[in-house]
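Read through the structure below, which is laid out as structure tokens, and then see the notes.
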């Protein structure tokens, strides 16, 4: 038996199981369901352009928040403290920005939202532990709550701005995107506090300032979970 004979047998079997009239009707229905025309699709910008937008949003909200509340923390920091703190915060923001861009593209690379959140929390903690040696717990809660609320008040508009940028992409996992957006927004709040808050007490900075990042990152995951549930229903 030749390959041509096999093709003939398969064709005859297909004709017996699905008559030509049925095939024609199915094809006609498929054609009718297709749109008459397709609009042009605008390609996404390069990844570096979105990273730049995310970092710009992070910096703009942090600077505006510090300006609105008063830049009282920057003058009391030494040059070494300024260099270390803002380098660490900016590096964390860049990592979170890259992770956010990856969530915007189905094949954007390895998802790294939890890694960005971990770095955004641990790196400032290590930096603050090395830079500040005053471990006085006086007025720990009253002053701390004020800074936490101020940092979150800065993180909220940053998150909204970041969400607008994220909508320019195609998000598959809203929970992962929420973590990255929340982390970046929380780092914006942390950066604002370092510019605004004049308290150089180690427990205050290590707990309340850094808490802005993990609360914002966790809130971002929760918002993404809600959005994912709404999408699936």
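Consider region 61-74 and keep the residues that are touching a residue at least 60 places away in the same chain (Cβ under 8 Å) and in a helix (DSSP H, G or I). The one that is nearest to residue 131 (Cα to Cα) is 74.
Going residue by residue through region 201-208, is there one that turns out to be in contact (Cβ under 8 Å) with a residue 60 or more places away in the chain and assigned to a loop (DSSP other than H, G, I, E, B)? The answer is yes; a qualifying residue exists.
Quick check: is even one residue across region 97-117 within 18 Å of residue 194 (Cβ to Cβ) and either outside any helix (DSSP H, G or I) or touching a residue at least 12 places away in the same chain (Cβ under 8 Å) (or both)? No, every residue in region 97-117 fails to be within 18 Å of residue 194 (Cβ to Cβ) and either outside any helix (DSSP H, G or I) or touching a residue at least 12 places away in the same chain (Cβ under 8 Å) (or both).
Residue-by-condition table, conditions (1) surrounded by fewer than 20 Cβ atoms within 10 Å (Cβ to Cβ); (2) closer than 20 Å to residue 211 by Cβ; (3) under 25 Å from the mean Cα position of the chain (by Cα); (4) modelled with pLDDT of 95 or more:
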| residue | (1), (2), (3), (4) |
| --- | --- |
| 93 | no, yes, yes, yes |
| 96 | no, yes, yes, yes |
| 104 | no, no, yes, no |
| 109 | yes, no, yes, no |
| 124 | no, yes, yes, yes |
| 131 | yes, yes, no, yes |
| 134 | yes, yes, no, no |
| 137 | yes, yes, no, no |
| 155 | no, yes, yes, yes |
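Set side by side, the residues 193, 222 differ, and just one is at pLDDT 95 or above and over 22 Å from residue 106 (Cα atoms), which is 193. May I ask you to list the residues in region 157-200 that are crowded, with 24+ Cβ neighbours inside 10 Å, assigned to a loop (DSSP other than H, G, I, E, B) and under 13 Å from the mean Cα position of the chain (by Cα)? Of everything in region 157-200, nothing turns out to be crowded, with 24+ Cβ neighbours inside 10 Å, assigned to a loop (DSSP other than H, G, I, E, B) and under 13 Å from the mean Cα position of the chain (by Cα).
What number of residues within region 124-142 are under 24 Å from residue 87 (Cα atoms) and in a loop (DSSP other than H, G, I, E, B)? Break it down stepwise before answering.
Filtering region 124-142 down to residues under 24 Å from residue 87 (Cα atoms) leaves 124-135.
With in a loop (DSSP other than H, G, I, E, B) added as a condition, the list becomes 132-135.
Qualifying residue count, region 124-142: 4.
The values are calculated or read from the model by the stated rules, or taken from the named source; none is laboratory data. Please read these numbers as outputs of a predicted model, since none were measured by experiment. Heads up, the Cβs are rebuilt from the backbone with ideal geometry, glycines too, and the neighbour counts pull from every protein chain shown.
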